[in-house]
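**Student:** The structure that follows is given in the form of structure tokens.
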Amino acid sequence: MMQVKVGDCILEIVKGDITEQDTEAIVNAANEALIPGGGVDGAIHRKGGPEILEELRSKYKGCPTGNAVITGGGKLKAKFVIHAVGPVYKGGNRGEAELLKKTYESALKLALEHGISSISFPAISTGAYRFPLEEAAKIAISTVIEFIKKHNSPKLVRFVLWTDDAYQTFSQVTKEISPNLS
Ligand code: AR6
């Protein structure tokens with residue numbers, strides 16, 4: 001586990017399962033159709049129960065890449081799930097980096113609008129969507145730091161990494177970026 005202070009806020013890097021987090025919100029790595037798939041998405045819907053999908057169906061038609069929508073957390077510990085749609089990686093020349101940044105910003109903006117003070121993120125796009133891990137980590141960490149510096153919120157942002165490789169990469173990138181924090 002690793003913690004870094006950013007102003008009054010805390011950025012945390014942990015290894016674990018996003019569905020077990022007790023932060024007010026957790027973020028889902030969703031798809032544009034908002035139809036449950038595998039990975040994080042599958043785990044959230046399995047553990048959270050059918051009401052999350054019912055709410056998605058009744059409120060939203062879908063969600064374009066780079067955007068996010070919010071529902072309740074169903075049976076999860078988290079009160080809210082923010083469903084964020086990251087880009088499919090297609091070689092790196094199709095705006096994937098900008099879209100991944102926008103995805104994190106969209107999720108953080110929704111959190112701000114709902115007064116959410118603690119949130120957990122997975123490594124969006126690094127599974128089925130094949131975004132290279134190190135580049136994804138640099139974008140994820142720098143975008144979160146930029147946002148919390150600007151808004152002084154959320155008070156806690158936790159990255160929850162499933163694999164050793166993802167945990168090591170996110171920790172290393174945070175170490176490289178954090179000395180520049182003031
Ligand atoms: N907790 C935290 N991280 C996890 C967990 C978990 N329980 N399970 C997997 N990961 P992915 P994507 C990691 O594929 O790449 C779905 O089918 C995993 O090791 O969940 O954005 C959706 O419906 C990887 O590092 O999301 C979409 O169609 C990271 O979470 C599509 O996949 C993201 O992997 C989205 O693909």
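Quick note: the coordinates plus some simple rules give every number you see, no bench work behind them. These figures come from a predicted structure and were not determined experimentally. Cβ sites come from the backbone with ideal geometry, for glycine too, and all protein chains shown count toward neighbours.
**Student:** So which GluC sites (Glu not before Pro) in the stretch 105-182 are both in a DSSP loop and have at most 12 other Cβ atoms within 10 Å of their Cβ?
**Tutor:** Those that pass, being in a loop and sparsely packed, number zero.
**Student:** Got a sec? How would 94, 158 order by Cβ neighbour count within 10 Å, fewest to most?
**Tutor:** Fewest to most other Cβ atoms nearby, the residues stand as 94, 158.
**Student:** Would you pull out the residues with amide H under 5 Å of residue 16's amide H, same chain only if 5 or more places away, H placed 1.01 Å from N?
**Tutor:** Amide H neighbours of residue 16, under 5 Å, 5+ apart: 161, 162.
**Student:** Still on this structure, please answer the following. Taking springs between alpha-carbon atoms closer than 10 angstrom, which of 82, 116, 124 fluctuates most in the Gaussian network model of the chain?
**Tutor:** 116
**Student:** What pairs from 47/90; 61/138; 79/149; 79/102; 90/150; 75/175 go past 28 Å between their alpha carbons?
**Tutor:** Pairs exceeding the cut-off: 47/90; 61/138; 90/150; 75/175.
**Student:** Can you work out the Karplus-derived ³J(HN,Hα) for every residue in the stretch 78-94? Use 6.51 cos²θ - 1.76 cosθ + 1.60 with θ = phi - 60°, whole Hz, and x for glycine or proline.
**Tutor:** Each residue of the stretch 78-94 in turn: 5, 6, 10, 10, 9, 8, 10, 9, x, x, 6, 7, 10, x, x, 9, 10 Hz.
**Student:** Through the Karplus equation 6.51 cos²θ - 1.76 cosθ + 1.60, θ set to phi - 60°, convert the phi angles of the stretch 108-118 into ³J(HN,Hα) values in whole Hz; use x for Gly and Pro.
**Tutor:** For the stretch 108-118, the Karplus-derived couplings read 5, 5, 4, 4, 4, 4, 9, x, 7, 9, 9 Hz, x marking Gly and Pro.
**Student:** Right, next: In whole Hz, what ³J(HN,Hα) sequence does the stretch 50-55 give by Karplus (6.51, -1.76, 1.60; θ = phi - 60°), x for Gly and Pro?
**Tutor:** Calculated HN-Hα couplings, in order: x, 5, 5, 5, 4, 5 Hz.
**Student:** Relative contact order of the stretch 2-177: what whole-number percent is it, with Cα pairs under 8 angstrom and at least 6 residues apart?
**Tutor:** Relative contact order here is 30 percent.
**Student:** Sort 56, 100 so that the residue with the fewest other Cβ atoms within 10 Å of its own Cβ comes first and the one with the most comes last.
**Tutor:** Going from least to most buried by this count: 56, 100.
**Student:** Using a 10 angstrom cutoff on alpha carbons, build the Gaussian network for the chain and name the most mobile of 150, 138, 47.
**Tutor:** 150
**Student:** Quick one: dipole size for the chain, taken about the Cα centre, charges +1 on Lys/Arg Cβ and -1 on Asp/Glu Cβ, in debye to the nearest 20.
**Tutor:** Computed about the Cα centre, the dipole is about 220 debye.
**Student:** What list do you get for 45, 114 if you sort them by fewest beta carbons within 10 Å?
**Tutor:** Going from least to most buried by this count: 114, 45.
**Student:** Given H placed 1.01 Å from N in the peptide plane, which residues other than close sequence neighbours of residue 120 have an amide H under 5 Å from its amide H?
**Tutor:** 25, 26, 27, 158
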